[in-house]
Amino acid sequence: MPPRRLRFGLKVAQMGGTFAEIRDAWLEADRLGFDTAWAHDHLLNQNDHSKSEDEGWTLLASLLTEARRIRGGLMVTANTFRHPAVLAKIATTVDVVSHGRVEVGLGAGWHEDEHKQYGLPLPPLGERMRRLEEACQILRALWTDERATVEGTYYQVREAFHEPKPVQRPHPPIVIGGHSPPALKRAAREGDGWYGFAMTVAATAETVRELRRLRVAAGRGDVPFEISLTTFEPMTPELVAEAEAAGIDRLILYPIVRGEQLEATVRELGARIVRA
């Protein structure tokens with residue numbers, strides 16, 4: 001099978017940047033032909049808890065309505081922050097206002113300080129993973145069923161109306177993040193894609209093989225599934241070819257700069273890679 005054509009995304013996290021800087025980087029990525037752009041989902045600035053940190057889904061709604069064509073999401077939404085029925089409504093609204101361009105990155109949640117400071121429960125990892133699986137089931141049911149019923153251990157919806165439905169059919173893609181075996185298992189069983197962060201392409205190639213095995217075991221081997229990766233390896237033609245051969249669908253670039261330097265970096269990456 002010939003290698004697939006790699007697509008490129010851009011991640012611009014909120015910490016340390018203003019809305020204007022993030023918006024300008026997104027709009028430049030949109031103009032240059034990036035496939036996707038991403039923010040993240042945190043309640044505290046990870047560099048300095050006393051500094052500003054914009055709420056992710058509110059920011060995402062504004063960015064996607066200002067951009068003209070790029071798809072976008074949060075890598076990744078913390079499932080512990082919102083009941084999945086509320087998240088379903090939020091994501092649907094963003095999908096509607098962006099004319100079908102939202103992607104729902106979703107993870108189990110992990111940052112202990114923000115849960116403690118905001119009074120949010122952070123269950124043990126095993127429970128968080130089970131909650132993540134139930135959340136995916138509720139999202140999908142609300143997005144596709146006329147009236148949704150899911151009787152989970154942790155979450156329940158009963159004969160629930162959810163209108164309007166998302167623009168994307170059957171629903172916006174759910175991209176599950178996480179490197180642990182339980183996260184990979186949930187991604188293979190419940191997700192439309194998987195997201196890896198700060199991994200090498202070589203390490204991700206092994207993860208891709210494991211995800212293929214898990215998807216076949218779950219009876220989902222023929223279901224479309226996208227692999228996305230943020231890597232800090234130098235972006236060279238050789239790395240791009242290696243990523244394509246490994247079965248990676250999207251490389252998401254993460255420039256750790258701000259202001260005019262951020263815009264210039266996005267332009268340089270777009271000219272050197274996206275338009276190559």
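The values are calculated or read from the model by the stated rules, or taken from the named source; none is laboratory data. As the structure is a prediction and not an experimental result, all values here were calculated from the model. Note that each Cβ is placed from the backbone with ideal geometry, even for glycine, and that neighbours are counted across all protein chains shown.
For the stretch 173-180, state whether one or more residues are more than 17 Å from the chain's Cα centre (by Cα) and either crowded, with 17+ Cβ neighbours inside 10 Å or closer than 25 Å to Ala39 by Cβ (or both). There is no residue in the stretch 173-180 that is more than 17 Å from the chain's Cα centre (by Cα) and either crowded, with 17+ Cβ neighbours inside 10 Å or closer than 25 Å to Ala39 by Cβ (or both). Would you check if there is a residue in the stretch 234-255 being within 28 Å of Trp110 (Cα to Cα), buried (at least 17 other Cβ atoms within 10 Å of the Cβ) and touching a Pro at 6+ places or on another chain (Cβ under 7 Å)? Checked against the condition, which is being within 28 Å of Trp110 (Cα to Cα), buried (at least 17 other Cβ atoms within 10 Å of the Cβ) and touching a Pro at 6+ places or on another chain (Cβ under 7 Å), the stretch 234-255 yields no hits at all. If I filter the stretch 148-158 for residues that are of a type in the set (S, T, N, Q) and part of a loop (DSSP other than H, G, I, E, B), do I get at least one hit? Within the stretch 148-158, one or more residues are of a type in the set (S, T, N, Q) and part of a loop (DSSP other than H, G, I, E, B).
Out of curiosity, is Thr77 surrounded by fewer than 16 Cβ atoms within 10 Å (Cβ to Cβ) and polar (S, T, N, Q)? So Thr77 fails the test.
The residue pairs whose first member lies in the stretch 117-130 and is more than 14 Å from Tyr155 (Cα to Cα) and at pLDDT 95 or above, whose second member is of a type in the set (Asp, Glu) and assigned to a helix (DSSP H, G or I), and whose beta carbons are closer than 8 Å, counting only pairs six or more residues apart or on different chains, are Leu120/Glu114; Leu122/Glu112. Is it fair to say Thr144 is of a type in the set (Val, Ile, Thr) and surrounded by 13 or more Cβ atoms within 10 Å (Cβ to Cβ)? In short, yes. Among the residues that make up the stretch 257-269, is at least one of them hydroxyl-bearing (Ser, Thr, Tyr), under 25 Å from Thr77 (Cα atoms) and at pLDDT below 95? Within the stretch 257-269, none of the residues are hydroxyl-bearing (Ser, Thr, Tyr), under 25 Å from Thr77 (Cα atoms) and at pLDDT below 95.
None of Pro170, Pro123, Pro166 is more than 25 Å from Ile227 (Cβ to Cβ) and either out of contact with any Gly (no Cβ under 6 Å at 6 or more places or on another chain) or in a helix (DSSP H, G or I) (or both) except Pro123.
So is Lys51 of a type outside the set (Gly, Ala, Ser) and under 30 Å from Tyr154 (Cβ atoms) or not?
no
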